[in-house]
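> The structure that follows is given in the form of structure tokens.
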Amino acid sequence: MAYWDYCWYRPARPKAVKDGIKTKNRGGSIGKTWWSKRWIGVLESFSMGARLGRGRSYARRGQVMAIDVQEGLITAKVQGSQRTPYKVKIALRPLSQKDWNKVTEAMAEQAIFVAKLLAGEMPQNIEEAFEAAKVPLFPKLSRELETDCSCPDWANPCKHIAAVYYLLAEQFDDDPFLIFKLRGKSKEQLINELREKRAGAFEETTATEEAEIGLAASTIPLEECLGTFWEAGAELAAFSANPALPEVEFAVLKRLGSSPFTITNRNVSALLEKAYETASRAALKKAESDR
């Protein structure tokens with residue numbers, strides 16, 4: 001517990017707000033996605049004292065009147081016990097363009113990152129891309145968050161700042177790109193950079209593959225094998241397959257997690273599991289009959 005939490009103060013009931021921003025969850029934890037829970041977990045790990053809990057109560061009551069997230073800066077208005085709402089500022093240093101280039105290069109190497117981000121979902125292991133660039137996505141130390149509130153409470157964070165912290169988690173739930181925006185990259189900028197890097201990687205791969213195909217084709221001129229072109233050949237005739245059930249069913253699907261796409265309200269991953277199961281059993285049955 002922080003020193004200031006031992007200090008006596010006269011509690012004052014905040015003025016009610018008619019259309020304040022309230023947390024969606026009236027009890028229990030705040031935030032439903034892994035990335036919003038990560039944000040809350042980081043803040044609570046900083047040992048900010050009891051005012052973090054009081055801020056959570058403010059957030060549940062709807063004392064926060066407005067929140068705006070810009071590059072490196074969060075501004076908010078929080079209604080306290082005074083007539084005039086308090087002004088809150090929370091600053092987090094944006095990443096440099098050089099650092100963002102490293103991050104987006106690491107992201108572009110994995111197609112699942114791009115697919116999930118395009119679907120409005122934060123990939124579970126997105127922080128690996130930031131670790132590769134040696135820069136954090138979430139703050140690691142409390143001093144990385146520069147905060148200010150116009151209230152008379154000298155403690156930092158005060159309950160008004162803490163209330164904004166908690167409501168930010170739910171805003172991150174609705175739009176994970178706000179985390180990137182806070183770090184200095186808008187949704188449009190990030191998606192465009194990822195698409196450019198993915199397109200560049202695809203063009204390089206295509207050029208390499210075309211060169212390899214051209215080299216392979218040039219080794220045996222087509223006119224020399226026209227008569228046997230459609231035959232399986234000795235290599236294929238000698239090839240045999242021995243399908244078997246894997247030790248872990250649907251390992252790739254389980255590693256990828258839920259798909260960002262649904263068909264008739266059913267997740268595509270669940271449908272693929274059924275398709276894989278059907279194809280596996282058919283392959284095993286065919287292999288048994290050929291033996």
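> Pull out all pairs, ordered by first then second residue, where Cβ-Cβ is under 6 Å, the residues are six or more apart or on different chains, the first lies in segment 228-256 and is closer than 24 Å to SER289 by Cβ, and the second is at pLDDT 65 or above.
PRO243/ALA283; PRO243/LEU284; PRO243/ALA287
> If you check SER269 against the conditions, is it at pLDDT 75 or above, part of a loop (DSSP other than H, G, I, E, B), under 23 Å from the mean Cα position of the chain (by Cα) and surrounded by 11 or more Cβ atoms within 10 Å (Cβ to Cβ)? I'd like the intermediate steps shown before the answer.
Numbers: at pLDDT 75 or above: yes; part of a loop (DSSP other than H, G, I, E, B): no; under 23 Å from the mean Cα position of the chain (by Cα): yes; surrounded by 11 or more Cβ atoms within 10 Å (Cβ to Cβ): yes.
Judged against the criteria, SER269 is not a match.
> Taking only pairs six or more apart or across chains, which ones have beta-carbon atoms under 6 Å, a first residue in segment 123-139 that is under 19 Å from ILE40 (Cα atoms), and a second residue that is at pLDDT below 85?
Going by the 6 Å Cβ cut-off, the qualifying pairs are PRO123/PHE113; PRO123/LYS116.
The values are calculated or read from the model by the stated rules, or taken from the named source; none is laboratory data. Note that the structure is predicted; figures quoted are calculated from it, not measured. Ideal geometry is used to build each Cβ from the backbone, glycine not excepted, and the neighbour counts take in all protein chains shown.
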